[in-house]
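Here's the structure, in structure tokens; my notes come after.
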Amino acid sequence: MRKGERAALVMQRLEQHYPEVPVPLDHSDPFTLLVAVLLSAQCTDKKVNEVTPALFKDGPNPAAMAALSEAIILTHIRQLGLARTKAAHVKRLAELLIERHGGQVPKSFTALEALPGVGHKTASVVMAQAFGVPAFPVDTHIHRLAQRWGLSSGENVARTETDLKRLFPMEAWNKLHLQIIFYGREFCTARGCNGMLCPLCKELFPNRRKPLLTSKA
């Protein structure tokens, strides 16, 4: 099966499994989504969703969040990984949204990536899910599955993003990246599938006889 055929099969099967895909991080607007994605680094979405209701009650918008001290923000997110660094980033991010963008989340990759704690993946999620701009955020789930499914070499996340954008139609990117994440969590987990066990891996590579060594990147 050629790479393009594998990509078409992946799209077909994921659409069958997940015709509707909600954004897994609870949010109410672009600002709360931006903060939630920032907080999700090295942390599960479930854990982030546990702490953000109280945080967003105190800081529902950039002005209110900027008015909070780092200590108060830290109190809300203390149970998350890298909590101190994230607290500092959230406060400074809110301040910069006011100083540079009139209190609004910018609709620009460049402007978003200039904010503290916001890398390309975070910016891509916000652009895709808050503003509907075609993007293909690549997290560890997508990076791992793209390699297992023979869609990318797995050299690094930047290469994976480029490969996936070439394989899939632009209008599918925003939904597809969520579908892959959901499939990875349910069927093709880091330890639950080695490239030979989940339904899609077996369908894509029925003759694979050795476990696939997946990149940790």
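The values are calculated or read from the model by the stated rules, or taken from the named source; none is laboratory data. Predicted model only: the values in this text are computed from it and were never measured. For neighbour counting, all protein chains shown are included, and Cβ atoms are generated from backbone atoms with ideal geometry for every residue, glycine included.
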Residue list for the stretch 6-24, restricted to those being of a type outside the set (A, V, I, L, M, F, W, C) and assigned to a loop (DSSP other than H, G, I, E, B): Tyr18, Pro19, Glu20, Pro22, Pro24
Qualifying residue in the stretch 97-107 (condition: under 25 Å from Ala54 (Cβ atoms), under 18 Å from the mean Cα position of the chain (by Cα) and not in a helix (DSSP H, G or I)): yes
Looking only at the stretch 94-118, and only at residues there that are of a type in the set (A, V, I, L, M, F, W, C) and over 13 Å from Leu38 (Cβ atoms), the one that is surrounded by the fewest Cβ atoms within 10 Å (Cβ to Cβ): Ala114
One residue from Thr140, Thr214 being of a type in the set (Ser, Thr, Tyr), closer than 30 Å to Ala87 by Cβ, at pLDDT below 95 and surrounded by fewer than 22 Cβ atoms within 10 Å (Cβ to Cβ): Thr140
Failed condition for Pro62, given (1) over 25 Å from Leu178 (Cβ atoms); (2) at pLDDT 95 or above; (3) surrounded by fewer than 16 Cβ atoms within 10 Å (Cβ to Cβ); (4) not hydroxyl-bearing (Ser, Thr, Tyr): (3)
Qualifying residue in the stretch 119-134 (condition: surrounded by 20 or more Cβ atoms within 10 Å (Cβ to Cβ), small (Gly, Ala, Ser) and not in a helix (DSSP H, G or I)): no
Yes/no for Arg148 being in the same structural domain as Gly184 (by TED's automatic domain parsing), in contact with a Gly (Cβ under 9 Å, 6 or more places away or on another chain) and of a type in the set (D, E, K, R): yes
Checklist (1) at negative phi; (2) in contact with a helix residue (DSSP H, G or I) (Cβ under 8 Å, 6 or more places away or on another chain); (3) surrounded by 13 or more Cβ atoms within 10 Å (Cβ to Cβ) applied to Arg159, failing item: (2)
Only one of Thr52, Thr75 that is in contact (Cβ under 8 Å) with a residue 12 or more places away in the chain, in a helix (DSSP H, G or I) and surrounded by 14 or more Cβ atoms within 10 Å (Cβ to Cβ): Thr52
Any hit, the stretch 176-191, residues being more than 21 Å from Gln16 (Cα to Cα) and of a type outside the set (A, V, I, L, M, F, W, C): yes
